[in-house]
Amino acid sequence: MKKVILFAIFLFVITTLIIAHKDTLKVQAFKLNTELNLDGILDEMIWQNPAIESFTQKDPNEGQPSSEKTKVWVAYDDTYIYVAAKLYDSTPTEIDETIARRDTYVPSDWFSFEVDSYNDNKTGYFFAVSAGGTIADGIYFNDSWDDGSWDGIWQAMTNVDGEGWTVEMRIPFSQIRFQESDNMIWGVNFERHIKKNNEKSYFIMVPKTESGFVSHFADLVGLEGIKPKQRFEFLPYFVQRAQYLIHEENDPFYTGNQYRTSFGADFKIGLGSNFNLDGTILPDFGQVEVDPAELNLSAFETYYQEKRPFFIEGSSILTMFGQGGANNNWGFNFGTPDLFYSRRIGRSPRGYINSCEYANYPTETRILGAAKLTGKIDENWEMGVLSTVTERTYAELYNAGERTSQEVEPFTHYGVFRSKKEFNDGRQAIGMIFTSVNRDLSNDALKSQYSSAAYTFGLDGWTFLDEEKEYVLTANVIGSHTTGTKEYMWKLQKAPYRYFQRPDATFMPFDSSRTSLEGVYSRIVLNKQKGNFYVNAALGIATPGFEYNDLGYQWFADRIAGHVVLGYRWFEPDGIFRYKSLYTAYNRQIDFEGNLLRNGFFLMSSAQFENYYSVDLQLMYNFESLSKDFTRGGPYIINPATFGGNAYISSDARKEIVVGTYGGYFIDEMKNSDLEGGLKLEWKPSPQLSISFGPSYGTHTGKFMWVGKFIDPYATETYGTRYVVANIDNTILGADFRLNWTFNPTMSLQVYIQPYFSIGEYSQFKEIARPRSTDYNVYGENGSTINYDETGNYYVVDPDGIGPANPFAFGNPNFNFKSFKANLVYRWELLPGSVLYLVWTHGKMDFQNPGDFSMGRDFKNLMSADADDVFLAKFSYWFDI
């Protein structure tokens, strides 16, 4: 017994010493007193100091020493922090020297320097360099999440030799935010990727069963007496556009818009070492890349990713509301609202114009100025503020030789304020967000089209439930308030995520006297952060009046939703799989009337094989529920029980040829179905060139595709309105082609081509027979009639034949939408932060032969269609003053 006790004490002491050693692991930064020649060759005396050498694998053999030796040093002077690494390789001919455009991660040999400059165990920066010299950077937040949109201005050089490869980094202190003091301690980690082994090794390796990343970093010590200079960066730009667009021959506005020159500037001011003030004056927020083509048949708008640098960089502090603390979030058609959707700012005007012969309607709203303040008050308190003003925008009209103008977008201010404070070493936190939109609606014609003011205010936070930080509880609550005229409130109440006008509504129905709308959202989530076994559970509400679409992207309201997710992850290789996981979930939603909107099970599994092929599978079954989307503001009807699934398989991404394929199929009890499939091929013939091609195919077959609604007092079963739907056979065919040619790490050429076809044929027109069912009355049966009019462009329906109901008509909804988009971008970073872009954008569309798909004919028609061509040159120069 004594031996057992002594052995237990021995284990306790050893474990304590190991943990204490791990908690106090230090990396020494050496003071540099002479100028360093940044060339990737480690011949300076500073690199003769003791190096960091202990690296541990996370993949493929977790816990084992790195297969290759690595040495790392950190140095600094009054202006820069330097990182050098000697990355030995026993077979240097196998070092991958692929190069790519900045911030493009490709499978290669990489080295990364990761630093928590606030030493807050939550946030940080990463600076990565490939053996070929490609650089990538970004930020860490929420302990383990990363955002590659942040672009610092720093330099790195690499060199490949007979022993492996070497790297030198030079990073200005002005690019990093930190709490300035005479003797600073930062968190630090280093990461190495070895392509030939698909190996990832770390100085501080966090096991897969653990949670977090930044909180495990070692201490970087020795940073003494650093007094960074006042940061002031100035980035003026020049843009020249030439547009050759489809237009009418006598259009009086065309030539005036064909060639446009614009100037502006961005600036960045460091307010101490903690805050940055980013601003822009008369910005050019035009996109370098084009948005993909899509034909949207739903009542909801299409969501597009932000691609404008000012809004992308460091956006996480403004956009990550309600998600902090937990390392995973599940939605099931109910998630945390996107209160700040930056593409609302500067979007196309929405005001109507009067009838005219010709119109010059602007495609975007000019941003007069924007400013963004982000940073930390202390190591546990972060803050972000954004303020943007867009100009009053006019369309030009031409009638009988006279030109007039009409306001289509009011003068508008957009604002966001975000703050979050952590306590008790990050175990608890509380935050808030406030968004505002204020418009000057001095033009009465716009008062029915825009809100005068819209606000949201939210609180969020988290608390860990145990000492090991294994379980965390997160919660948030948001209130919204929107004001406008009665006419605008009619529009808002009829939004597709609300439909207050439903004739069977019993809770918060349509109110024609409203001049404001208020609502509340709240959600509480439990998440298990680490270990093999996994659990996530959530309960949330969004009241019918909850509204945030003026500055956010809204797709839901009027819901009470909950889910439970259980899962298990196997992180150890077993001879077949390197990794595998299995999750199952149950989710349920009702509205505030108690109507069942969703009730189903979900199964998801993913795995990586020993040969680095991977597979992902998903299955779902939703029980019968109710839907108001089919009738678009009409009564609820039954949404049939649905079953389906999808799969994705991909090959080893390191190989010269990479193949991925996916497919999915969903079908309900009424045989409405969706089929999709696609292929992605990537070929990397050289370290500088990659070519990818991704064809896709899909079909949608349904019996309740929306056509329109028609008032008829004799339609008593459906509250005096006939809700007309039809069968649809929709075929979607597309492809993405990309060519990335990187001449060197600062110069690249990218080509993107996308043909897209969507053809829909409508048949068996019918009306909803009664609410809360799937019954319908087919036109042309039981005495009703349906015929083309003499032009062949309209259907004329008599719903009861010789009965008292009046006939009505609607247009032929068949479509044949064809699109071809091409985008060519040449990028040259002449000097750090100074970039030249040359861009060509080409686009064409065709709509011939609606409802009839013939690949050869349709492709020929598309290629012979007229095209829009836009040429753009943009040059920006970085001044570090």
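Remark: pairs (first residue in the stretch 103-116, more than 23 Å from Thr93 (Cα to Cα); second residue hydroxyl-bearing (Ser, Thr, Tyr) and in a loop (DSSP other than H, G, I, E, B); Cβ separation under 9 Å; 6+ apart in sequence or on different chains) = Asp103/Thr134; Asp103/Ser149; Thr104/Thr134; Asp116/Thr123. Of all residue pairs spaced 6 or more apart or on separate chains, those with beta-carbon atoms under 6 Å, a first member in the stretch 836-861 that is acidic (Asp, Glu) and a second member that is outside any loop (DSSP other than H, G, I, E, B) and open to solvent by less than 60 Å² (accessible area, probe 1.4 Å) are Asp846/Lys818; Asp846/Asn861; Asp846/Leu862; Asp858/Lys818.
If the condition is being buried (at least 17 other Cβ atoms within 10 Å of the Cβ) and in a loop (DSSP other than H, G, I, E, B), then the stretch 37-50 contributes Gly40, Leu42, Glu44. Filter the stretch 560-587 for residues that are aromatic (Phe, Trp, Tyr) and assigned to a strand (DSSP E or B); which is farthest from the chain's Cα centre (by Cα)? Of everything passing the filter in the stretch 560-587, Phe577 is farthest from the chain's Cα centre (by Cα). Applying the criterion of being of a type in the set (Ser, Thr, Tyr) and open to solvent by 30 Å² or more (accessible area, probe 1.4 Å) to the residues of the stretch 723-782, the residue that is farthest from the chain's Cα centre (by Cα) is Tyr776. Among strands (runs of 3 or more DSSP E) entirely within the stretch 776-819, having at least 3 residues that are free of Cβ contacts under 8 Å to residues at least 40 places away in the same chain singles out 785-788, 794-798.
Contact map, the stretch 371-390: first residue free of Cβ contacts under 8 Å to residues at least 60 places away in the same chain, second residue acidic (Asp, Glu) and part of a strand (DSSP E or B), Cβ cut-off under 9 Å, separation 6 or more or different chains; pairs are Trp381/Glu422; Thr390/Glu409. Glu210 - would you say it is at pLDDT below 90 and part of a loop (DSSP other than H, G, I, E, B)? For Glu210, the condition - at pLDDT below 90 and part of a loop (DSSP other than H, G, I, E, B) - is not met. Of all the criteria given as (1) over 35 Å from the mean Cα position of the chain (by Cα); (2) closer than 29 Å to Pro573 by Cα; (3) in contact (Cβ under 8 Å) with a residue 60 or more places away in the chain, the one not satisfied by Lys86 is (2). Just so you know, in the stretch 804-857 the residues that are over 27 Å from Tyr762 (Cβ atoms) and open to solvent by 60 Å² or more (accessible area, probe 1.4 Å) include one that is farthest from the chain's Cα centre (by Cα), and it is Pro804.
Among the residues examined, Pro503 qualifies as in contact with a helix residue (DSSP H, G or I) (Cβ under 9 Å, 6 or more places away or on another chain), assigned to a loop (DSSP other than H, G, I, E, B) and closer than 18 Å to Leu626 by Cα. Checking each residue in the stretch 655-673 for being open to solvent by 70 Å² or more (accessible area, probe 1.4 Å), assigned to a strand (DSSP E or B) and either more than 28 Å from Ile99 (Cβ to Cβ) or small (Gly, Ala, Ser) (or both) picks out Tyr662, Tyr665.
The residues listed here are Asp729, Asp736; of these, the one that is within 30 Å of Ala131 (Cβ to Cβ) and not in a loop (DSSP other than H, G, I, E, B) is Asp736.
Among the residues making up the stretch 547-575, those that are open to solvent by 50 Å² or more (accessible area, probe 1.4 Å) and modelled with pLDDT under 95 are Trp555, Glu572, Pro573, Asp574, Gly575.
When the residues of the stretch 249-265 are filtered to those that are open to solvent by less than 40 Å² (accessible area, probe 1.4 Å) and small (Gly, Ala, Ser), the one that is nearest to Ala359 (Cα to Cα) is Ser262. Within the stretch 623-633, the residues that satisfy the criterion of being at pLDDT below 95 and either open to solvent by 50 Å² or more (accessible area, probe 1.4 Å) or under 15 Å from Asp674 (Cβ atoms) (or both) are Asp629, Phe630, Arg632. The single condition from (1) open to solvent by 50 Å² or more (accessible area, probe 1.4 Å); (2) not in a strand (DSSP E or B) that Phe875 fails is (2).
Please specify each residue of the stretch 508-542 satisfying the condition of being assigned to a loop (DSSP other than H, G, I, E, B) and open to solvent by 30 Å² or more (accessible area, probe 1.4 Å). Once the filter is applied, which keeps residues that are assigned to a loop (DSSP other than H, G, I, E, B) and open to solvent by 30 Å² or more (accessible area, probe 1.4 Å), the stretch 508-542 yields Met508, Pro509, Phe510, Asp511, Ser512, Ser513, Arg514, Thr515, Lys530, Asn532. Might you check whether a residue that is of a type in the set (Asp, Glu) and open to solvent by 30 Å² or more (accessible area, probe 1.4 Å) occurs anywhere in the stretch 142-151? Yes, the stretch 142-151 contains a residue that is of a type in the set (Asp, Glu) and open to solvent by 30 Å² or more (accessible area, probe 1.4 Å).
Just one of the listed residues (Asp466, Asp460) is acidic (Asp, Glu) and at pLDDT 95 or above, and it is Asp460. If only residues of the stretch 682-717 that are within 30 Å of Ala805 (Cβ to Cβ) and among the hydrophobic types (A, V, I, L, M, F, W, C) are counted, the one that is most open to solvent (accessible area, probe 1.4 Å) is Ile711.
Can you tell which of Tyr636, Tyr648 is open to solvent by less than 20 Å² (accessible area, probe 1.4 Å) and among the aromatic types (Phe, Trp, Tyr)? The conditions single out Tyr636. Considering only the stretch 162-191, state which residues are open to solvent by less than 10 Å² (accessible area, probe 1.4 Å) and more than 21 Å from Phe30 (Cβ to Cβ). Passing the criteria: Gly164, Trp165. The conditions of being of a type in the set (Ser, Thr, Tyr), within 18 Å of Arg439 (Cα to Cα) and either within 25 Å of the chain's Cα centre (by Cα) or part of a strand (DSSP E or B) (or both) are met by Thr482. Candidates in the stretch 213-233 are the residues that are modelled with pLDDT of 90 or more and of a type in the set (A, V, I, L, M, F, W, C); of these, the one that is surrounded by the most Cβ atoms within 10 Å (Cβ to Cβ) is Val214.
The values are calculated or read from the model by the stated rules, or taken from the named source; none is laboratory data. Because the structure is a prediction, the values reported are computed rather than measured. Ideal geometry is used to build each Cβ from the backbone, glycine not excepted, and the neighbour counts take in all protein chains shown. Only protein heavy atoms, including side chains, enter the accessible area calculation; ligands, DNA and RNA are left aside. Shrake-Rupley method; radii C 1.70, N 1.55, O 1.52, S 1.80 Å.
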